[in-house]
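Structure first, then comments.
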Amino acid sequence: MKWAIAIWAILCKDMRTYYLKPPNVSWGIIFPLAWTGMFFIKSAGEVGSIASLLPGVVAVSILFGTTSMLAVTVTFEKKSRSFERLLLAPLPFELLMLAKTGGAILFGVANAFVPVIMAAFLIDLGGIVWSIFIPAVVLVALASTFLGLFIAVAVSEVFEAQTFSNFFRFPMMFLCGLFFPVEQLPSLLKPLAYALPLTYGADALHGAVRGAHNLPFAVDLAVLVLFCAGLFALSLWNIRRNWIL
Amino acid sequence: MSADMAFAIEVRGLAKRFGEVAAVRQVDFAVRPGELFGFLGPNGAGKTTTINMLTGLARPDAGSIFIGGIDCVKQPRAAQHLIGVVPDESNLYPELSGFENLCFCAALYGIGKEERQRRARELLDAFDLTAAANRKFGTYSKGMKRRLTIAAGIIHRPQILFLDEPTTGIDVASARQLRMLIGGLRRDGITVFMTTHYIEEAERLCDRIAFIVDGRIVCLDSVENLLQPVQNKHLLQIACETFPGLPQELAAAFPDLSFSTEGNDRLRVEADGPIRVGPLVRFLEERQIEVSEARRIRPTLEDVFVQVTGIGINSMRKEKTGGGRS
Ligand SMILES: Nc1ncnc2c1ncn2[C@@H]1O[C@H](COP(=O)(O)OP(=O)(O)O)[C@@H](O)[C@H]1O
Ligand SMILES: [Mg+2]
């Protein structure tokens, strides 16, 4: 109960001070809208291509929405030393970090549904396997949040966090099978694609939306879970090692 | 090593280095429950590093730390619920109001909504911040920020409070108000571990004081005991123009007195017996030095500090300007 109060307070404070601030809300909506609009216009309203673009646009919306947030909630608070206040709280460290990333995860999930809602006006979404789509969205949000956390913890300046996350984000857009299949990548890059969590997320999303996936859903989701656990553990280890001097 | 519950904080052989710098070396001390313990030393002495190790924000290289009987080296976060920490720089959230900041800090300790709002209002009142309760913390003055930071450090009613240089960098009036608040905390039964580089502040507030210089405690005792050796000293302060070499000239003429300068307009005279003012003034006036005032002063902890550490008071004073001495 005591921990629940603390976690809820951290979550609410981050939502209020960071996520629900006008620039972030609009960023969170406009960004997916822009992506979606751009791709959907390019596909000239062809029903088949909207369905094939939707998974990629959903994944990109999540990736950008989540990773950009951690630079503020973690790197900035570390720099301004208010993070010390959290480290002093009588709360297990793991729960503290989950509370700190919870806002970004929810923000990412919310971002994912902006393109979905837009697509709903253009095509029939009846074919989507929601029981796969929703867990995939949540896991992609978790994995990209924890990737953002990993980056946010590894640097000391906010701009570094932003630069460094672009270093991951842009290659991932092309390597992870968001917009064209991993099978079409040069054979040298294929192993790299399978080393990135988003590849599995994109595969599951493509499968859920239009039945086209390379790996069984169970494998996609299980690998995502492993990535989440690994990145989270690595980030915590980094904080313990580098921030508690 | 066993935990002795007679102490709120017990530290043995504490050491920490940062690369080449030995920030804290072999520090031992124990703080009794309800005591206001002062950690006094110049800038860079290792005060903040010690607080960080005691509160779990830094890992000691060696030594043991017991807080409320809990072994904090083995379980670094196990004593968190017992302690409150007020860092040397205010680290509350600038976007939140004073009231929201306090409520958030209380929530981190699992205090329910009604209770935390009640405590926040109480503290805002006690710390004279009610009028600013709904203003963003970012708009507060330095003194107000420091007061709210202290309020945030005690809202969960810790048994032990760590205060890192609470009056550094704020104006004189705020510093005086803060010292009154800190005195009040002790009366409420909170054990306070406070660092400072203001000697008078430590003398006025603390029950016991540890002098820390270069990461080592050079002296630790109650204010009364510390003052004992200088109690019988006779001190005289003469207001006059001084110049380098004057103390030596005087010492040659008055061998049983010792002389030093404070700034360039004060001369300090020390002796083990009563000092005769007449010959001194005549000596100075013969050298065309005008004496505007001569008065006897009470020996203070400064004198002890100089004696024990060999550090000049001026080097202590020039640390961190803008300080809140009054
Ligand atoms: N994170 C750090 N990295 C390197 N050196 C440090 C660090 N923190 C403190 N120091 C050094 O340790 C010494 C003690 O510092 P500190 O504990 O902050 O002193 P105080 O609080 O008494 O002014 C200083 O020489 C300081 O430069
Ligand atoms: Mg310090």
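The values are calculated or read from the model by the stated rules, or taken from the named source; none is laboratory data. These figures come from a predicted structure and were not determined experimentally. Glycine also receives a Cβ, built like all others from the backbone with ideal geometry; neighbour counts cover every protein chain displayed. When the accessible area is computed, the model is the full protein with side chains, heavy atoms only, and any ligands, DNA or RNA have been set aside. Shrake-Rupley method; radii C 1.70, N 1.55, O 1.52, S 1.80 Å.
Largest first, the three principal axis extents of the alpha carbons in segment B:9-227 are 46, 37, 33 Å in whole numbers.
Give the separation of the Cα centroids, segment B:197-211 to segment A:83-117, in Å. Centre-to-centre distance over Cα atoms comes out at 43 Å. Each DSSP beta bridge with both residues in segment B:49-206 is either parallel or antiparallel, and the antiparallel ones are about 25%. If one computes the Cα centroid of segment B:149-169 and of segment B:36-71, what distance in Å separates the two points? The distance from the Cα centre of segment B:149-169 to that of segment B:36-71 comes to 15 Å. The mean number of partner chain beta-carbon atoms within 10 angstrom of a residue's beta-carbon across peptide B:77-88 is 3.
Looking at the protein assembly as shown, the DSSP beta bridges with both ends there are about 70 percent antiparallel.
Give me Rg/Rg_expected for segment A:66-109, where Rg uses Cα atoms only and Rg_expected = 2.2 N^0.38 Å with N residues. The partial results should precede the final answer.
Numbers: Rg = 10.6 Å, N = 44, 2.2 N^0.38 = 9.3 Å.
Against the compact-globule rule of thumb, the ratio is 1.15.
Assuming charge only on the beta carbon of Lys and Arg (+1) and of Asp and Glu (-1), the dipole of segment B:9-227 about its Cα centre is about 480 debye to the nearest 20.
Calculated mean residue ellipticity at 222 nm for chain A: -25500 deg cm²/dmol, from DSSP H runs with n ≥ 4 weighted as -39500 (n - 2.57), summed, divided by the residue count and rounded to 500. By how many degrees, between 0 and 90 and to the nearest 10, does the Cα long axis of helix A:93-122 differ from the longest principal axis of chain A? Here the helix axis deviates by roughly 20 degrees.
Can you give me the C-alpha center-to-center distance between segment A:175-245 and segment B:216-246, rounded to a whole angstrom? What the calculation gives is 69 Å, centre to centre. Which stretch or stretches of segment B:37-63 have amide N atoms under 13 Å from the point lying 7 Å from B:Val172's Cα along the Cα→Cβ direction? Counting only backbone N, you get no residues. Working note: 222 nm ellipticity from helices only, DSSP H runs with n ≥ 4, each -39,500 (n - 2.57), summed and divided by the residues of chain B, gives -10000 deg cm²/dmol to the nearest 500.
Projected label points at B:Asp207 and A:Ser131, each 7 Å from Cα along the beta carbon direction, are separated by 6.7 nanometres. Couplings 3J(HN,Hα) for segment A:148-163, derived from phi with the Karplus relation 6.51 cos²θ - 1.76 cosθ + 1.60 (θ = phi - 60°), are x, 4, 4, 5, 4, 7, 6, 10, 10, 10, 4, 5, 5, 4, 5, 4 Hz, where x marks Gly and Pro.
What percentage of the solvent-accessible surface of chain B, computed with a 1.4 Å probe over protein heavy atoms, is contributed by carbon and sulfur atoms? Exposed carbon and sulfur together represent 48 percent of the surface. Across chain A, C-alpha contacts under 8 Å between residues 6 or more apart give a mean separation that, scaled by the residue count, equals a relative contact order of 25 percent.
Here A:Lys190 is the anchor, and the aspartates and glutamates within straight C-alpha reach of less than 20 Å, apart from those fewer than 8 places off in the same chain, are A:Asp203, A:Asp220. Taken about its Cα centre, segment A:2-244 carries a charge dipole of roughly 720 debye when the Cβ of each Lys and Arg holds +1 and the Cβ of each Asp and Glu holds -1. Each listed q (0.16, 0.21, 0.24, 0.25 Å⁻¹) maps to a log10 I(q)/I(0) for segment B:59-147, found by the Debye formula over equal Cα scatterers with no solvent: -0.74, -0.99, -1.15, -1.21. Within the same chain, aspartates and glutamates fewer than 8 places from A:Lys79 are excluded, and of the rest, those with a Cα less than 19 Å from its Cα are A:Asp14, A:Glu157, A:Glu160, B:Asp88, B:Glu89, B:Glu95, B:Asp164.
If one takes the accessible area of chain A alone plus chain B alone and subtracts that of the pair, with a 1.4 Å probe, what total in Å², rounded to the nearest 100, results? Display every interim value, and only then the final one.
Numbers: alone 11620 and 15870 Å², together 24840 Å².
The buried area between A and B, both sides summed, comes to about 2700 Å².
Looking at segment B:1-69, the GluC sites (Glu not before Pro) that sit in a DSSP loop and have at most 16 other Cβ atoms within 10 Å of their own Cβ are B:Glu20. The Kirkwood hydrodynamic radius of the protein assembly as shown, based on inverse pair distances between different Cα atoms, is 27.6 Å. For segment A:86-245, the residue among A:Gly102, A:Gln184, A:Gly127 whose Cα projects farthest onto the positive side of the dipole built from Cβ charges is A:Gly102. Residue farthest toward the positive end of the dipole of the protein assembly as shown, with Cβ of Lys/Arg at +1 and Asp/Glu at -1: which of B:Phe104, B:Gly84, A:Phe113? The residue sitting farthest along the positive end of the dipole is A:Phe113. Of B:Gly143, B:Gly41, B:Gly278, which has the largest mean-square fluctuation in a 10 Å C-alpha GNM of chain B? The residue with the greatest mean-square fluctuation here is B:Gly278. Amide H to amide H distances under 5 Å link B:Glu165 with B:Thr195, B:Thr196, where only residues 5 or more positions off or on other chains count and H is placed in the peptide plane. In order along segment B:196-213, phi translates into HN-Hα couplings of 6, 10, 9, 5, 4, 5, 4, 4, 6, 9, 8, 7, 10, 9, 10, 8, 10, 9 Hz, rounded to whole numbers, per the Karplus curve 6.51 cos²θ - 1.76 cosθ + 1.60 with θ = phi - 60° and x for Gly and Pro. Using only side-chain charges placed at the Cβ, +1 for Lys and Arg and -1 for Asp and Glu, the dipole size of the protein assembly as shown relative to its Cα centre rounds to 880 debye. Among the GluC sites (Glu not before Pro) within segment B:253-305, those in coil by DSSP and having at most 10 neighbouring Cβ atoms inside 10 Å are B:Glu290.
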